[in-house]
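Take a look at the structure set out below.
The values are calculated or read from the model by the stated rules, or taken from the named source; none is laboratory data. In this text, all values refer to a predicted model and were calculated from it rather than measured experimentally. Heads up, the Cβs are rebuilt from the backbone with ideal geometry, glycines too, and the neighbour counts pull from every protein chain shown. Ligands, DNA and RNA are stripped out before the accessible areas are found, and what is left, the full protein with its side chains, is counted by its heavy atoms. Shrake-Rupley method; radii C 1.70, N 1.55, O 1.52, S 1.80 Å.
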Amino acid sequence: MELLSNLALGFGVALTPANIAYCFAGALLGTLIGILPGLGPVATVAMLLPVTYALEPTSALIMLAGIYYGAQYGGSTTAILVNLPGEASSVVTCLDGYQMARQGRAGQALTVAAIGSLVAGCFGTLMLAASATALASVALSFGAAEYFSLMLLGLIAAVVLASGSVVKAIAMIVTGVLLGIVGTDINSGVERYTFGIFELSDGVDFVVVAMGVFGLTEVLKNLERVSSRDLVTTEITSLRLDREDVRRAAPAIARGTLLGSVLGILPGGGALLSSFAAYTLEKRVSRRPQEFGKGAIEGVAAPESANNAAAQSSFVPMLTLGVPANATTALLMGAMMIHNVQPGPKVMDSNPELFWGLIASMWIGNVILVILNLPLIGIWVKMLKIPYRVLYPAIVVFVTVGVFSIQNSTFLIYVMLFFAVFGYVLSKLSFEAAPLLLGFVLGPLLESNFRRAMLISAGDATAFLTRPVSAALLLTALFLLVLLVSPSFRRRREEAFQGE
Amino acid sequence: MSKLLKNTDVLSGLFLLAIAAFFLIGGRNYEIGTLEEMGPGFVPLLLGSVLAALGVVLLVQGAATQATGLTVSGNWAIGPMILILGAIALFAFTLRHIGYVAACAMVVAISGLAAPDRRMREILIEAVLLAAISALVFVEAIGMPMPLFPWSN
């Protein structure tokens with residue numbers, strides 16, 4: 001079977017001592033920073049991106065993927081222990097996870113989250129491997145018009161599935177694309193919006209944008225008020241699940257995994273949406289719905305499995321189509337481009353070691369995470385006690401040095417400061433930063449495919465509608481937009497994001 | 001009027017109009033080209049106009065709901081913003097002159113003041129420790145091209 005030989009190739013790459021070490025380092029760093037307060041996965045990946053610039057592409061991506069799911073995982077640990085979601089997708093874990101911790105069952109909650117994530121991660125990786133080949137072979141026949149329509153659909157779908165105002169999210173995408181235009185136009189050689197500044201002629205590095213808009217903006221937001229973190233008082237007595245726990249958690253893990261794997265492929269808040277959906281589903285099928293919110297183990301098992309499965313399957317559109325599904329995969333896509341690997345259907349053929357190595361490493365990374373988290377939980381609990389006032393100056397130093405290291409120049413530091421202020425104003429006006437980053441990374445590709453498609457069709461804009469695949473993609477995007485305007489869908493969307 | 005200017009949608013609309021104006025005015029000299037062969041100015045003009053339209057939508061929406069609409073809430077972290085971003089700018093500005101160790105200690109010391117619950121002794125200890133450790137890691141171990149001290153080259 002082709003899938004098996006591909007996976008064998010992948011494991012051959014991922015299981016070299018060096019790559020195991022990078023995977024381990026990534027998962028460790030990701031968990032470490034994910035557990036520390038005030039830094040979500042996007043900021044974590046952005047902060048550590050420059051560290052991987054010196055590595056060869058496969059190792060760099062293996063490490064970055066490790067950082068991503070490590071940070072995701074760290075977020076659920078803080079959700080359970082201190083009722084503080086490290087990121088949006090572990091909000092749901094707080095509901096029952098923290099209640100379990102207060103009842104002295106923190107250990108069981110952590111165990112079930114770990115096992116759920118492991119099962120989901122393994123399944124999600126298999127899904128990814130199985131669907132990648134099929135999707136890529138479809139996408140290989142795409143021309144410029146189809147690519148443009150596909151990216152547009154991806155961006156629109158990301159808006160539909162994200163929470164918050166639709167007009168604002170679309171405005172952020174447009175702003176992101178416009179910011180991505182800064183630099184030399186590849187078609188004409190004209191420098192756009194560089195104002196004669198030499199350092200801007202290659203455009204703004206996406207890491208600088210991410211560090212400003214996600215890293216520093218988050219620091220500023222956290223300093224608006226005195227942090228009121230509950231200190232950890234929970235003792236972790238036992239990690240062992242009893243028979244009743246297993247009986248209740250196992251089907252929840254299975255359902256969460258399936259739901260997450262499917263929903264994760266959709267662009268937009270894959271992990272967020274699937275953890276909410278999994279929680280709602282569990283509550284609905286449970287014979288004891290009244291226990292939810294009071295420490296029901298299913299309420300931890302299902303969303304944790306779902307968001308981890310979704311984290312894996314959100315790699316599918318990025319790796320096979322070159323369309324990132326969320327801010328984190330947009331960052332990983334940017335990292336691939338820095339290493340001169342263009343994400344899209346050709347990656348599988350042109351860089352099979354990278355592609356299958358990355359997928360295999362996710363499986364290894366999930367095993368490493370369980371090993372890291374359960375026995376070492378005592379260390380993580382200690383880290384949770386570090387107060388934010390001590391932590392953020394270190395973040396500031398790291399972000400600054402990281403941006404300096406991109407070009408070994410102080411110029412980008414000033415650019416980052418601009419984006420910090422920009423991002424802070426955006427957050428105050430309740431704009432979301434994720435669509436901005438998606439637009440920024442996809443911007444140059446959108447523009448060049450748009451212009452090429454128009455050139456091929458001799459200036460006829462209907463070409464996007466007369467080519468069947470392109471038309472179908474655009475109609476789907478239009479359908480999603482119409483859905484958004486319909487009041488009943490809007491109501492349900494708001495309900496879904498409020499969770500309860 | 002003051003109510004209008006506190007409405008999130010109104011402010012957001014104005015903000016988008018400002019961004020759109022920047023791209024439309026900054027790009028006014030780029031060649032537009034034709035639909036077949038677009039110049040470098042085509043897409044900025046298109047997207048700048050879309051952004052301006054979205055700004056107007058938000059502006060109208062905000063003006064219509066000014067009584068019931070969302071208002072910008074919470075404190076603006078102006079103090080932390082000046083301290084932290086100022087510290088970083090100082091770092092960038094002085095790095096070549098005073099070296100990494102001093103510049104880093106300065107960033108930690110100044111940005112540390114931004115915490116509402118700051119403790120001076122803690123900040124000083126952290127400044128010294130972070131400067132020393134990060135100098136070892138970034139400059140000595142990774143070999144980033146930054147002078148460590150004013151006299152090192």
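For the stretch A:208-224, backbone phi angles converted through the Karplus equation (6.51, -1.76, 1.60; θ = phi - 60°) give residue-by-residue couplings of 4, 4, 5, 5, x, 6, 9, x, 5, 4, 5, 4, 4, 4, 5, 8, 5 Hz, Gly and Pro being listed as x.
Please state the shape class of the stretch A:359-403: rounded when a/c is under 1.5, otherwise prolate if a/b exceeds b/c and oblate if not, all from the C-alpha gyration tensor.
Here the stretch A:359-403 falls in the oblate category.
A:PHE195 sits with roughly 130 Å² accessible to a 1.4 Å probe, with DNA, RNA and ligands left out of the calculation.
The label point for A:ILE20 and the one for A:VAL367, both projected 7 Å from the Cα toward the Cβ, are 0.8 nm apart. Evaluated on the stretch A:382-443, the Kirkwood hydrodynamic radius is 13.8 Å, with distances taken between all distinct Cα atoms. With both labels modelled 7 Å from their Cα along Cα-to-Cβ, the B:ILE82 to A:LEU465 distance reads 5.6 nm. Shown in residue order for the stretch A:110-117 are the 3J(HN,Hα) couplings computed by the Karplus curve 6.51 cos²θ - 1.76 cosθ + 1.60 at θ = phi - 60°: 5, 4, 5, 5, 5, 5, x, 5 Hz (x for Gly and Pro).
For a 30 Å ceiling on Cα separation, which of these pairs sit above it: A:LYS221/B:LYS6; A:LYS168/A:LYS221; A:LYS221/A:LYS283; A:LYS221/A:LYS382; A:LYS294/B:LYS6? Too far apart for the 30 Å limit: A:LYS221/A:LYS283; A:LYS294/B:LYS6.
Treating r as the C-beta distance of A:THR476 and B:LEU35 and R0 as 22 Å, the FRET efficiency rounds to 0.35. Computed on protein heavy atoms with a 1.4 Å probe, the accessible areas place A:GLU218, A:GLU56 in the order A:GLU56, A:GLU218, largest first.
Helical runs assigned H by DSSP (4 residues or longer) give chain A a calculated mean residue ellipticity at 222 nm of -23500 deg cm²/dmol, each run adding -39500 (n - 2.57) before division by the residue total. Solvent-accessible area lost on pairing A with B (1.4 Å probe, both sides summed) amounts to about 5500 Å².
Computed with every protein chain present, the accessible area of A:GLU146 is close to 10 Å² [probe 1.4 Å]. Look at the Cα gyration tensor of the stretch A:124-179: its axes a ≥ b ≥ c give a/c of at least 1.5 with a/b at or below b/c, and that counts as oblate. Once each part is reduced to its C-alpha centroid, what is the distance from the stretch A:164-180 to the stretch A:270-332 in angstrom? Comparing the Cα centres of the stretch A:164-180 and the stretch A:270-332, I get a distance of 25 Å. Oblate is the label for chain B, because a/c, from the alpha-carbon gyration tensor with a ≥ b ≥ c as root eigenvalues, is 1.5 or above and a/b does not exceed b/c.
How would A:LEU480, B:LEU35, A:LEU48 rank on accessible area, largest to smallest, probe 1.4 Å?
Result of the area sort, largest leading: B:LEU35, A:LEU480, A:LEU48.
The local environment of A:GLY322, defined by Cβ-Cβ distances under 13 Å, has a net charge of 0 under the rule Lys, Arg +1 and Asp, Glu -1. The per residue volume of the convex hull around the alpha-carbon atoms of the protein assembly as shown is 161 Å³.
Determine, from the Cβ-Cβ distance of B:VAL137 and A:ILE386 and an R0 of 22 Å, the FRET efficiency 1/(1 + (r/R0)^6), rounded to the nearest 0.05. Walk me through the intermediate numbers first.
On the way: r = 19 Å, r/R0 = 0.85.
So, using R0 = 22 Å, E works out to roughly 0.75.
Per-residue extension of 0.36 nm, minus the Cα-Cα distance of B:ALA21 and B:VAL72, leaves a gain of 16.0 nm for this segment. Per the Cα gyration tensor, the stretch A:90-136 maps to an equivalent ellipsoid with semi-axes of 32, 11, 4 Å, ordered largest to smallest. Taken as Cα centroids, the stretch A:117-145 and the stretch B:85-149 sit 44 Å apart, rounded to the nearest whole angstrom. Model label points for A:PHE411 and A:LYS346, set 7 angstrom from Cα along the Cα-to-Cβ axis, are 3.0 nm apart. Normalised by the number of residues in chain B, the mean separation of alpha-carbon contacts (under 8 Å, six or more apart) gives a relative contact order of 21 percent. Using a probe of 1.4 Å on the protein chains alone, the accessible area found for A:ILE379 is around 90 Å². How big is the dipole moment of the protein assembly as shown about its Cα centre under a simple scheme where the beta carbon of each Lys and Arg is +1, that of each Asp and Glu is -1, and everything else is neutral? Debye, nearest 20, please. It comes to approximately 1660 debye.
Amide H contacts under 5 Å for A:GLY322: A:GLY344, restricted to partners 5 or more places along the chain or on a different chain, H placed in the peptide plane at 1.01 Å from N. When all protein chains stay in place and ligands, DNA and RNA are ignored, the 1.4 Å accessible-area order of A:LYS168, A:LYS382, largest first, is A:LYS382, A:LYS168.
Between B:VAL107, B:VAL43, B:VAL57, the Gaussian network model of chain B with springs among Cα atoms under 10 angstrom shows the greatest mean-square fluctuation at B:VAL43.
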